[in-house]
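Only one structure is covered here, and it is reproduced in the block below.
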Amino acid sequence: MNCEHCGTMLAEGSTVCSVCGTAVTAEQIEAVRNPVKENVGLGILGALIGALIGGASIVGLNLIGYVASISGVLMGFATLKGYELLGKKLSKKGIVISVLLMIVVTFAANMVCIGIEVYNEFKVYGATLADSFAILPELFMNDGIDFGAFFTNLGMLYAFVALGAFFIIRDAFKKV
Ligand SMILES: [Zn+2]
C-alpha cells in the first residue's frame with residue numbers, strides 16, 4: 001500500500017509513513033486484509049455502458065452543433081468509471097479493456113456523426129438516413145471524404161477522450 005498523503009510505498013505492517021509521518025488509516029489496513037475482488041465480466045459491462053453513454057453524447061452534442069470536446073472527456077471518464085463501479089476495482093486489465101472499448105466506440109460515434117452529415121447534405125435529393133450510412137464505405141474508398149478534416153476531427157476527439165481518461169487512470173495507479 002501507499003501513503004495517502006505523499007504516495008510513498010509503505011512496508012507491510014507499518015503504521016506511519018516513513019517519509020512524511022502521516023498515519024496509516026484503519027481503512028487502508030482493512031483494504032490490505034480484505035482486498036476487493038475484481039469482477040472482470042461486470043466490469044466490461046460497466047465499461048460498455050459508460051462507452052455507450054459517451055458515444056451517445058458525442059452524437060447528440062454533434063447534432064446540436066457542439067464540438068466534441070465535452071463529450072470526448074465524458075467518454076474517457078464514463079468508460080473507466082463504468083468499469084470501476086460494476087467491476088468493483090479498476091485493475092490494469094480493466095484499464096486496457098476500457099481504453100480499447102473507448103477507442104472503438106469513439107470511432108463508431110464519429111462515423112455516425114459523418115453519416116448524419118452526409119444525410120443532411122443529400123436528403124434534398126431524397127436520400128434516407130440508411131442510404132447515407134450505406135454510402136459511407138464508398139465515400140471513404142473513392143476520396144469522397146475530406147481526409148484532412150476527418151483525421152483532424154478524430155484526432156481532436158481522441159485527445160479529449162485521453163484527457164477524460166487520464167485523471168481516472170492516474171488515480172487508479174495511485175491506489176495500487
Ligand atoms: Zn507519506
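Values quoted throughout were computed directly from the atomic coordinates according to the rules given, and no laboratory measurement underlies them. Since the structure is predicted, the reported quantities are computational estimates derived from the model, not experimental observations. Note that we place each Cβ from the backbone using ideal geometry, even for glycine, and neighbour counts take in every protein chain shown.
Structure above, values below:
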quantity: Cα centroid of region 37-51 to Cα centroid of region 132-176, whole Å; calculated: 22 Å
quantity: Using alpha carbons only: equivalent-ellipsoid semi-axes of region 1-78, gyration tensor based, whole Å; calculated: 40, 18, 7
quantity: Relative frequency of Cα-Cα separations exceeding 24 Å in the chain, percent; calculated: 51 percent
quantity: Straight-distance crosslink candidates among lysines, where the alpha carbon sits under 16 Å from LYS37 and sequence neighbours closer than 8 are dropped; calculated: LYS88, LYS89, LYS92, LYS93, LYS175
quantity: Normalised contact order of the chain, rounded percent, pairs of Cα under 8 Å and 6 or more residues apart; calculated: 25 percent
quantity: Filtered GluC sites (Glu not before Pro), region 13-65: DSSP coil and at most 13 other beta carbons within 10 Å; calculated: none
quantity: Cβ-derived FRET efficiency at R0 30 Å, LYS174 paired with ILE64, nearest 0.05; calculated: 0.25
quantity: Inter-label distance, nm, simple model (7 Å from Cα along the C-beta direction), PHE140/ALA56; calculated: 2.5 nm
quantity: Separation of the PHE122 and SER18 label points, Cα + 7 Å toward Cβ, nm; calculated: 6.7 nm
